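The values are calculated or read from the model by the stated rules, or taken from the named source; none is laboratory data. A quick note: this is a predicted structure, and the numbers were derived from the prediction, not measured. Cβ: placed from backbone, ideal geometry, glycine included. Neighbour counts: every protein chain shown. Remember, those area values only see protein heavy atoms, side chains included, never the ligands or the DNA or RNA. Shrake-Rupley method; radii C 1.70, N 1.55, O 1.52, S 1.80 Å.
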Amino acid sequence: GALASITNTGTLLDVSAVANADGNSATANAYITVAIFQSASATGAGYATASFANGDGGVVSITADALANGIVNEAYASATIHDGILQVASAGTGNALAYATNAGTLTIAANASANGVTAAFANAEIKSGIVQNAVADGYATAELVNSGTLNITADANANAASGAATAMSPSASAT
């Protein structure tokens, strides 16, 4: 069998991408592809398990923060998290399990702020907060259990002194 396991009861993880820009015109981009990745693969009749556990009192924080200040012209800020947590379990004729449990505090957040004079654009996006894939010829199970605090947020703020301001937060999801 194959096992990929993470268990946290403290402050396990603080994954962050931070971008700050100040200037006449400013652009800031913060991007996280995958913060936590687990993969377990078994051949034949083996079992494959990808297990993530954030226990009571555990803290996991995954953040992308972008701040742009255009002091004369425009400002553009973009914060994106493609996958906060990605679990993959695959087994041949055996069983596959992708299992995540949270009894503590789990935060996945994208924050973008743009402050400009002539224009401001801010985009904050989480493509997938939590992704679980289980594939097997036997049993395949993907399960998320939350008894704690689970925050998946995308916040965008744009301010322009004399021009157009656009803020977008198109998605935040657990799949």
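Here are I62, I85: which of them is under 25 Å from S147 (Cβ atoms), touching a Phe, Trp or Tyr at 6+ places or on another chain (Cβ under 7 Å) and either in a strand (DSSP E or B) or aromatic (F, W, Y) (or both)? Lay out the reasoning, then the answer.
Details: I62 fails: touching a Phe, Trp or Tyr at 6+ places or on another chain (Cβ under 7 Å).
On inspection, the qualifying residue turns out to be I85.
Quick one: which of T118, T93, T80 is in contact with a Phe, Trp or Tyr (Cβ under 9 Å, 6 or more places away or on another chain), of a type in the set (V, I, T) and touching a residue at least 40 places away in the same chain (Cβ under 8 Å)?
Only one candidate qualifies: T80.
Output the residue which, of all residues in segment 24-35 that are in a strand (DSSP E or B) and touching a Gly at 6+ places or on another chain (Cβ under 7 Å), is surrounded by the fewest Cβ atoms within 10 Å (Cβ to Cβ).
A35
Name every residue in segment 43-88 that is open to solvent by 10 Å² or more (accessible area, probe 1.4 Å), small (G, A, S) and within 18 Å of A2 (Cα to Cα), in order of residue number.
Selection gives G44, A45, G46, S51, A53.
Which residues, counting only those in segment 60-92, are closer than 30 Å to D137 by Cβ and at pLDDT 95 or above?
H82, D83, G84, I85, L86, Q87, V88, A89, S90, A91 - these are the residues of segment 60-92 that are closer than 30 Å to D137 by Cβ and at pLDDT 95 or above.
Which ones in segment 1-23 are within 26 Å of G104 (Cβ to Cβ) and open to solvent by 80 Å² or more (accessible area, probe 1.4 Å)?
The answer is L3, T7, T9, T11, D14, V18.
What number of residues within segment 126-153 are among the aliphatic types (A, V, I, L, M), in contact with a Ser or Thr (Cβ under 6 Å, 6 or more places away or on another chain) and open to solvent by 40 Å² or more (accessible area, probe 1.4 Å)?
Residues meeting the conditions: 2.
In this structure, is A98 on the phi < 0 side of the Ramachandran plot, open to solvent by less than 20 Å² (accessible area, probe 1.4 Å), in contact (Cβ under 8 Å) with a residue 40 or more places away in the chain and in contact with a Gly (Cβ under 7 Å, 6 or more places away or on another chain)?
Here the answer is no, as A98 does not meet what is asked.
For the structure I just gave you, tell me whether N123 is assigned to a strand (DSSP E or B) and open to solvent by 30 Å² or more (accessible area, probe 1.4 Å).
In short, no.
Looking at (1) of a type outside the set (V, I, T); (2) open to solvent by less than 30 Å² (accessible area, probe 1.4 Å); (3) in a loop (DSSP other than H, G, I, E, B), can you tell me which one P170 breaks?
(2)
Condition check: among the polar types (S, T, N, Q) and closer than 30 Å to N157 by Cα. Does T63 satisfy that?
In short, yes.
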